[in-house]
Amino acid sequence: MDNTTLLSIVIGLVFVGIMVYMLFIQPKNSAKQVVQPSPSNQSPNGLQLQAYERLTLLADRIALPNLISRNSGEGLSAGEMQFLLTRLIREEFDYNVTQQIYVSPEAWNAIRNLKEKNLLIINQIGQMLPENASGTDLQKQLLQYLMNEPKANLHELVSEALGFEARKLL
């Protein structure tokens, strides 16, 4: 037997092996897999509970103290930090905007108001700083404002309201 014939036989055997695997062995393996329930198979209460959970996480992620602790102001100007913080809030909010169809209008309004209030605080404090202020200066002023204005920590109230509504579903 020459090399060409031997190569043709090997290629043919590999091809037949692949076909046998795809036609007979693979379907048996996939039939053994457990079917996981998709979100569309879940009960309305389950979807609502997941939405409240995601919105609670959103409230925590856009809380000003948490945003500040996750993002260093080093090397950034106050304007750059202001842009970064407002962009992060908007992105987090936009990522979760579809959850509004699963929660009460009051819960969604609370989340939207938290977003708007945090954006307002960041922008107002950012405008009060001198032109040469650093990102760290903005962060310090934001934290100082939050310490002096207990009502500015709206995220705690929103999280409690979301938790209350979620418990009503249980």
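The values are calculated or read from the model by the stated rules, or taken from the named source; none is laboratory data. It should be emphasised that the depicted structure is a prediction, and the values quoted were computed from it without experimental measurement. Note: ideal-geometry Cβ built from the backbone for every residue, glycine included; neighbour counts use all protein chains shown.
Of the residues making up segment 44-62, those that are in contact (Cβ under 8 Å) with a residue 60 or more places away in the chain, charged (D, E, K, R) and within 25 Å of Asn148 (Cβ to Cβ) number 1. Considering each residue of segment 73-81 in turn, at least one proves to be within 19 Å of Leu146 (Cβ to Cβ), modelled with pLDDT under 95 and either in a helix (DSSP H, G or I) or not hydroxyl-bearing (Ser, Thr, Tyr) (or both). The numbered conditions (1) touching a helix residue (DSSP H, G or I) at 6+ places or on another chain (Cβ under 8 Å); (2) under 25 Å from Ala51 (Cβ atoms); (3) not small (Gly, Ala, Ser) are all true for Gln82 except (2).
Considering the conditions (1) more than 24 Å from the chain's Cα centre (by Cα); (2) not in a helix (DSSP H, G or I), Val103 is excluded by exactly one of them, (1). Within segment 63-91, no residue that is in contact (Cβ under 8 Å) with a residue 40 or more places away in the chain sits with its Cβ atom under 7 Å from a residue that is among the basic types (Lys, Arg) at 6+ positions apart or across chains. Here Thr136 meets each of (1) closer than 22 Å to Gly75 by Cβ; (2) hydroxyl-bearing (Ser, Thr, Tyr); (3) in contact with a helix residue (DSSP H, G or I) (Cβ under 7 Å, 6 or more places away or on another chain) with one exception, condition (3). Going by what's in this entry, would Glu116 be described as not in a helix (DSSP H, G or I) and not small (Gly, Ala, Ser)? For Glu116, the condition - not in a helix (DSSP H, G or I) and not small (Gly, Ala, Ser) - is not met. Residues that are charged (D, E, K, R) and within 16 Å of Ser134 (Cα to Cα) were ranked within segment 65-95; the one that is surrounded by the fewest Cβ atoms within 10 Å (Cβ to Cβ) is Glu74. Can you confirm whether Lys140 is over 22 Å from Glu91 (Cα atoms), at pLDDT below 95 and part of a helix (DSSP H, G or I)? Spelling it out, it is not the case that Lys140 is over 22 Å from Glu91 (Cα atoms), at pLDDT below 95 and part of a helix (DSSP H, G or I). Ile122 falls short on exactly one of the conditions (1) within 27 Å of Phe164 (Cβ to Cβ); (2) of a type in the set (Val, Ile, Thr); (3) buried (at least 20 other Cβ atoms within 10 Å of the Cβ), and that condition is (1). Just to be sure before I move on: is Pro27 part of a helix (DSSP H, G or I), of a type outside the set (D, E, K, R) and modelled with pLDDT under 60 in the structure I sent? The answer is yes for Pro27.
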